[in-house]
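K.L.:
Got a structure here, written out as structure tokens. Questions coming.
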Amino acid sequence: MLSEELLQQRWSQLKIKMASRLGNDPCLDDILVFIGITEAMLPPKQFTEKEKADLRQMAICTVLVPARYYQLLWVDATGWPHYNELQRVPEMNADERERFLMQYVLLYAEKNKLV
């Protein structure tokens, strides 16, 4: 795991790169929605709040595959990936959960050339 200082530094770099794609100062949720859209290969459109929630959850599963929390089972005909939970994500408060996810989003971003 990254030190807090290094995590914040790398997160800031990712946000700068993503801002050019998303057109704003993206938060973790915005980046997760972007990952979800990318993974599902969806065309750009306005998404409902429910669709965004589904995209965020799918993105969380995607970024936590390397940590063996989830396993990709299949991708359906619409391009939507389906996952199996291998282990539960540990209980965390909101700040701990955000830092935890940020680390795995950064790994995903590096692997997928987002940074």
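Laboratory data are not the source of any read-out in this text; all were calculated from the coordinates shown. Note that the structure is predicted; figures quoted are calculated from it, not measured. Using ideal geometry, Cβ is built from the backbone for each residue, glycine included, and neighbour counts are taken over all protein chains shown.
K.L.:
Determine the sum of side-chain charges near Tyr69: Lys and Arg each +1, Asp and Glu each -1, restricted to other residues whose C-beta is under 13 angstrom from that of Tyr69.
P.N.:
Details: positive: Arg68, Arg88, Arg97; negative: Glu85.
Spelling it out: positives minus negatives among the neighbours equals +2.
K.L.:
Which FRET efficiency, nearest 0.05, do Ala94 and Ser20 yield, Cβ-Cβ r, R0 22 Å?
P.N.:
Details: r = 28 Å, r/R0 = 1.26.
My answer for the efficiency is 0.20.
K.L.:
Another question, if that's okay. Using a Gaussian network model of the chain whose springs link C-alpha atoms within less than 10 Å, name the residue from Leu73, Leu55, Leu101 with the highest mean-square fluctuation.
P.N.:
Highest fluctuation among the options: Leu73.
K.L.:
Moving to a separate point now. Report, in deg cm²/dmol and to the nearest 500, the calculated mean residue ellipticity at 222 nm for the chain, where each DSSP H run with n ≥ 4 adds -39500 (n - 2.57) and the sum is divided by the residue count. Spell out each step's value before the answer.
P.N.:
On the way: 4 runs with 65 residues, N = 115.
About -19000 deg cm²/dmol.
K.L.:
In addition: Output ³J(HN,Hα) for the range 37-43: one whole-Hz value per residue in order, computed from phi by the Karplus curve 6.51 cos²θ - 1.76 cosθ + 1.60 with θ = phi - 60°, and x for Gly and Pro.
P.N.:
4, 5, 5, 7, 6, 8, x
K.L.:
So, one more: Among Lys15/Lys52; Lys52/Lys113; Lys50/Lys111; Lys17/Lys113, which pairs are too far apart, with a Cα-Cα distance over 21 Å? All intermediate terms of the calculation are to be shown ahead of the outcome.
P.N.:
Working: Lys15/Lys52 19 Å; Lys52/Lys113 23 Å; Lys50/Lys111 28 Å; Lys17/Lys113 11 Å.
Cα-Cα > 21 Å for Lys52/Lys113; Lys50/Lys111; rest within.
K.L.:
Given a cut-off of under 8 Å on Cα pairs at least six residues apart, what relative contact order in percent is computed for the chain?
P.N.:
Values: 101 pairs, mean separation 32.1, N = 115.
The value is 28 percent.
K.L.:
For Asp95, what charge total do you get from the other residues with a beta carbon under 15 Å from its beta carbon, if Lys and Arg give +1 and Asp and Glu give -1? Show your work: numbers first, answer last.
P.N.:
Details: positive: Arg97, Arg99; negative: Glu4, Asp29, Glu91, Glu96, Glu98.
The answer is -3.
K.L.:
Can you classify the chain as rounded, prolate or oblate using the Cα gyration tensor, where a ≥ b ≥ c are the square roots of its eigenvalues, rounded means a/c under 1.5, and otherwise it's prolate if a/b beats b/c and oblate if not?
P.N.:
On the way: a/c = 1.69, a/b = 1.12, b/c = 1.50.
Since a/c reaches 1.5 but b/c is at least a/b, the shape of the chain is classed as oblate.
K.L.:
Quick one: which residues, 5+ away or cross-chain, put their amide H under 5 Å from the amide H of Tyr83? H built at 1.01 Å from N.
P.N.:
Correct list: Leu73.
K.L.:
May I ask you to order 87-98, 24-35 by the average number of other C-beta atoms within 10 Å around their residues, highest value first? Please list the in-between numbers first.
P.N.:
Numbers: 87-98: 10.1, 24-35: 17.7.
Going by the mean number of other Cβ atoms within 10 Å, highest first, we get 24-35, 87-98.
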